Amino acid sequence: NLIKILQNSFVPDEDQRMHTNIKLLIESMLDRFENYDFSRLRVQSSNIMEKQGTKRIFISHSSKDKKYGDSIEKLICGLNIKDDQLIYTSHPLHKIPLGKKIYDYLRENINDQVFIIILWSNNYLESPACLAEMGAAWVLQSKCISLFTPDFSFGNPKYHGIPLDQTEMGAVLNGDEHCKTSMSELIDKVLDFFDLKIEDKKRMFLIDQFIKDISQ
């Protein structure tokens, strides 16, 4: 059909090289795939779907705010989730695997099956890596909860320039009654996400321990 394509007024190609080059490109691709084992694609596709179906929590944070990140990690792990169900790069049990590139690993694991907790801080807003993680959460429409360090500057122009919906309620980690209630709500969301249950006395213990940890 190349002659018809070249003569078609709706796809102009004055020197007739563009369409000819595309034809040559297609031919070269067909030559490459002539003896290709397409069963490999089915295996790779199956692996990708399995990975995308794995539910995880990702704590997006600045390493400078490790105190708060560790407290969140401790709270979540108290809900009986598995080590590989949490991505938290500041902890040895939830870090990026040895030999993996950080951005490649996050790109592979951040999807619509990931519950993202963003630990907002002034350090976070100054980190291009953190803002890239936040952007990935927005693009993939991942479930997302915002937590704020006590000294966070809500008037920072960088914060008002982010694509996330800032009208959604977050929680300031200052240890007050609002913080306690928010942590209980966070626990509910995590339990619902993983279809887990815990006893009320354990919930209260985890919240009390969390408030103690962030107040030190």
Where LEU131 falls short, out of the listed (1) outside any loop (DSSP other than H, G, I, E, B); (2) open to solvent by less than 30 Å² (accessible area, probe 1.4 Å); (3) modelled with pLDDT under 85: (2)
Neighbours by Cβ (under 7 Å, 6+ apart or cross-chain): first from the range 144-162, at negative phi and open to solvent by 30 Å² or more (accessible area, probe 1.4 Å); second of a type in the set (A, V, I, L, M, F, W, C) and not in a loop (DSSP other than H, G, I, E, B): CYS144/ILE116; CYS144/ILE118; CYS144/ALA137; ILE145/ILE117; ILE145/LEU186; PRO150/VAL172; ASN156/LEU125; LYS158/LEU125
Criterion: assigned to a loop (DSSP other than H, G, I, E, B), modelled with pLDDT of 90 or more and not small (Gly, Ala, Ser) - qualifying residue of ASN111, ASN80, ASN123: ASN80
Qualifying residues in the range 134-171 (those that are in a helix (DSSP H, G or I) and hydrophobic (A, V, I, L, M, F, W, C)) - the one modelled with the highest pLDDT: MET134
Any hit, the range 50-59, residues being farther than 27 Å from PRO92 by Cβ and modelled with pLDDT under 70: no
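The values are calculated or read from the model by the stated rules, or taken from the named source; none is laboratory data. Not measured: the values here are computed from a predicted model. We place every Cβ from the backbone using ideal geometry, glycine too, and count neighbours over all the protein chains shown. Remember, those area values only see protein heavy atoms, side chains included, never the ligands or the DNA or RNA. Shrake-Rupley method; radii C 1.70, N 1.55, O 1.52, S 1.80 Å.
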